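The block underneath contains the structure these notes are about, expressed in structure tokens.
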Amino acid sequence: MVNERSWNAGQLSFDEIGYWTEIKLDIVKDYAKEYSTILAKKPFQYAYIDGFAGSGVHLSRDTQEFVLGSPLNALKIKPPFHEYFLVDLDGDKVEQLRSFPEIKDRPEVHVIHGNCNQVLLEEVFPKVKFEDYRRALCVLDPYGLQLNWEVIEVAGRMKSIEIFLNFPIMDMNRNALWRKPELASQEGRVRMTAFWGNESWLNAAYQQQTTLFGDDEAIKLGNKQVVDAFSDRLKKVAGFKYVPEPIPMRNSMNAVIYYLFFASQQPVASTIVDYIFKKYQNRGA
Ligand SMILES: C[S@@+](CC[C@H](N)C(=O)[O-])C[C@H]1O[C@@H](n2cnc3c(N)ncnc32)[C@H](O)[C@@H]1O
């Protein structure tokens, strides 16, 4: 995890989170509330999906108080979603999540222990098909490069799913987007390719230049070019119609840890998220 720590204190499993994570939680919560209010007036069954759900609570590094995680925030929203699918790979976190009173004994809340790259494609997305009058808001919030592009692409092609996506630029820069990418570890480059969907990240992040001596050399481009190229992929390859400018999440050193993307088929969704992003833009570090 980038700049954050995980704890297993006695019975409780939680991450200590920075200010930027609290902002992300507020953004997702604000939008989920708008989403549910709008969808409740339409003839759809709609679900909340959290692919990287976590344990349900975090500890704020600033205030040392517990902060609710994204699934518990979603469960508090009124009007409620018709169904909730909460997935996590970590067995302890899943067990803790299942134990919250907001989740226990609620048949519409499904806590699933597994790898979301499989679980979403095989078990969850088939339950929210456009042609079945189903819709879903899906939060994809990995620590780093743990997500496979296929999940994003299928969500886009289904037309029934809107996503929030944590685009982990710091993990990318640490593990794959080196000044000389061939020197980065094989594992880092493989994870980058899995997240991006193919090796076109090399074209997005580097520009070929000829040196004074006539050799070809790859010059690393900035975060902005990488983010713009990914935004293009969300539209052109995954088929999301609306992808507002993502919001950079900065740590106390003002370094961008990740970009929070939103992607949807609905202009109104994009307008609402744009507004929410602007509201939080200056609450950075
Ligand atoms: C950043 S935390 C999620 C925090 C949560 N979204 C929130 O805001 O409260 C990332 C979570 O992803 C889980 N995880 C990592 N790889 C995963 C995978 N392939 N599938 C599902 N969960 C995964 C970790 O166990 C961790 O709980």
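FYI, it's all coordinate maths here, none of it is from the lab. Just so you know, these numbers come straight off a predicted model, no measurement behind them. FYI the Cβ positions are ideal-geometry reconstructions off the backbone, even for glycines, and counts take in every protein chain you see.
Set the Förster distance to 45 Å, then compute FRET efficiency between ASP274 and ASP216 from the Cβ-Cβ distance, nearest 0.05.
Numbers: r = 40 Å, r/R0 = 0.89.
Efficiency, rounded to the nearest 0.05: 0.65.
Within segment 142-214, report the GluC sites (Glu not before Pro) that DSSP leaves as loop and that have at most 14 other Cβ atoms within 10 Å.
Numbers: sites: GLU150, GLU153, GLU162, GLU182, GLU187, GLU199; in loops: GLU199.
Answer in residue order: GLU199.
Would you work out the relative contact order for the chain, in percent, from Cα pairs under 8 angstrom that are 6 or more residues apart?
On the way: 507 pairs, mean separation 48.7, N = 285.
Answer for the chain is 17 percent.
Counting other Cβ atoms within 10 Å, which chymotrypsin sites (Phe, Trp or Tyr not before Pro) in segment 37-137 have at most 16 and lie in a DSSP loop? Spell out each step's value before the answer.
Details: sites: PHE44, TYR46, TYR48, PHE52, PHE66, PHE81, TYR84, PHE85, PHE130, TYR133; in loops: PHE44, PHE52, PHE81, TYR133.
Sparse-neighbourhood loop chymotrypsin sites (Phe, Trp or Tyr not before Pro): TYR133.
Helix 223-236 against the longest principal axis of the chain: what's the angle in degrees, Cα atoms only, rounded to the nearest 10?
Tilt relative to the chain: about 60 degrees.
So which aspartates and glutamates can LYS278 reach, going by Cα to Cα under 14 Å and dropping same-chain residues fewer than 8 places off?
Reachable aspartates and glutamates: ASP26, ASP30, GLU245.
Once you have the alpha carbon radius of gyration of segment 171-273, what is it after dividing by 2.2 N^0.38 Å, with N set to its residue count?
On the way: Rg = 15.7 Å, N = 103, 2.2 N^0.38 = 12.8 Å.
Relative to the 2.2 N^0.38 Å estimate, segment 171-273 comes out at 1.23.
Roughly how many nanometres apart are two label points built 7 Å out from the Cα toward the Cβ at SER185 and PHE130?
My value for the distance between the label points is 4.0 nm.
Summing -39500 (n - 2.57) over the DSSP H runs of n ≥ 4 in the chain and dividing by its residue number, what mean residue ellipticity at 222 nm do you reach, to the nearest 500 deg cm²/dmol? If you can, show how the numbers build up before the last one.
Details: 10 runs with 103 residues, N = 285.
So the calculated ellipticity at 222 nm is -10500 deg cm²/dmol.
If you filter segment 28-135 for trypsin sites (Lys or Arg not before Pro), then keep DSSP loop positions with at most 16 other Cβ within 10 Å, what is left?
Here the trypsin sites (Lys or Arg not before Pro) that fit, given the DSSP loop and packing criteria, are LYS41, LYS104, LYS129.
Project the alpha carbons of segment 18-58 onto their principal axes and report the range along each, largest first, in whole Å.
Cα spread of segment 18-58 along its principal axes, largest to smallest: 39, 17, 12 Å.
Find how much the distance from ASN254 to ASP26 grows on full extension, using 0.36 nm per residue of separation minus their present alpha carbon separation; answer in nm with one decimal.
Details: separation 228, 0.36 × 228 = 82.08 nm, distance 1.96 nm.
So the extension gain works out to 80.1 nm.
Nearest 20 debye, what's the magnitude of the dipole of the chain about its Cα centre given +1 on Lys and Arg Cβ and -1 on Asp and Glu Cβ? Numbers along the way, then the final one.
On the way: 34 positive and 37 negative charges, 168 e Å.
Value, rounded to 20: 800 debye.
Could you check the spin-label model distance between ALA40 and GLN208? Points 7 Å from the Cα along Cα→Cβ, value in nm.
Each label point is offset 7 Å from its Cα along the Cβ direction, giving 5.6 nm.
Largest first and in whole Å, give the semi-axes of the chain's equivalent ellipsoid, each being the square root of 5 times a Cα gyration tensor eigenvalue. Kindly include the intermediate steps, with their values, before the conclusion.
On the way: eigenvalues 199, 99, 65 Å².
Calculated on Cα positions only, the semi-axes equal 32, 22, 18 Å.
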